[in-house]
Amino acid sequence: MVRVPVAEGIFTGSTDEPQLIGSRCGACGIVTFPAQDSCPRCAATEMVEHLLPRRGRLWAWTTQHFPPPAPPYTGPTGKHFVPFGVGFVELPGEVRVESRLTESDPDALEAGMEMELVLIPFRTDDDGNDVVTFAFRPVKGAS
Ligand SMILES: [Zn+2]
């Protein structure tokens, strides 16, 4: 089975150590995710690719109880849909990222807990490839 990313230009690196692909403004230094062609703060067009740190702190979260609108959502629907956690993770000094979470029980999560980026199975495409997407999971034993 071949593993393919759910979208190009979102993450890179190995399955064990993936990194999100953001961008940094060459003029003012602001970091964005996803990557952008022009700066949302100063409108400069000197954006350069910037790989984001793999760990951050959970800031806010909820549970997605029904499939998001499609498109862009291409995952399971109907009886195949399983509720999942979504949240914002603050990458220190850089940017706040909206992401799926590996934990779907909101009571199992705490504000400020350390989270790390992982790749998770998302769906199987028509060619039988294993489509993966990114998610943040709680770092065990960290506080
Ligand atoms: Zn800027």
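A few remarks follow.
- When region 104-143 is filtered for residues that are buried (at least 16 other Cβ atoms within 10 Å of the Cβ), out of contact with any Gly (no Cβ under 7 Å at 6 or more places or on another chain) and of a type in the set (S, T, N, Q), only THR133 remains.
- In the set (1) aromatic (Phe, Trp, Tyr); (2) in contact (Cβ under 8 Å) with a residue 40 or more places away in the chain; (3) touching a Phe, Trp or Tyr at 6+ places or on another chain (Cβ under 8 Å), the condition left unmet by PHE66 is number (2).
- Looking only at region 1-29, and only at residues there that are small (Gly, Ala, Ser) and away from the ligand (no atom under 16 Å from the Cβ), the one that is farthest from ARG41 (Cα to Cα): SER14
- When LEU101, LEU51 are screened for being away from the ligand (no atom under 16 Å from the Cβ), closer than 20 Å to VAL118 by Cα and open to solvent by less than 30 Å² (accessible area, probe 1.4 Å), only LEU101 passes.
- When we screen ARG96, ARG24 for residues that are of a type outside the set (A, V, I, L, M, F, W, C), open to solvent by 70 Å² or more (accessible area, probe 1.4 Å) and in contact with a His (Cβ under 8 Å, 6 or more places away or on another chain), the only hit is ARG24.
The values are calculated or read from the model by the stated rules, or taken from the named source; none is laboratory data. Just so you know, these numbers come straight off a predicted model, no measurement behind them. Here Cβ is always computed from backbone atoms with ideal geometry, including for glycine, and neighbour counts include all displayed protein chains. In case anyone asks, the SASA skips ligands and DNA or RNA and just uses the protein heavy atoms, side chains included. Shrake-Rupley method; radii C 1.70, N 1.55, O 1.52, S 1.80 Å.
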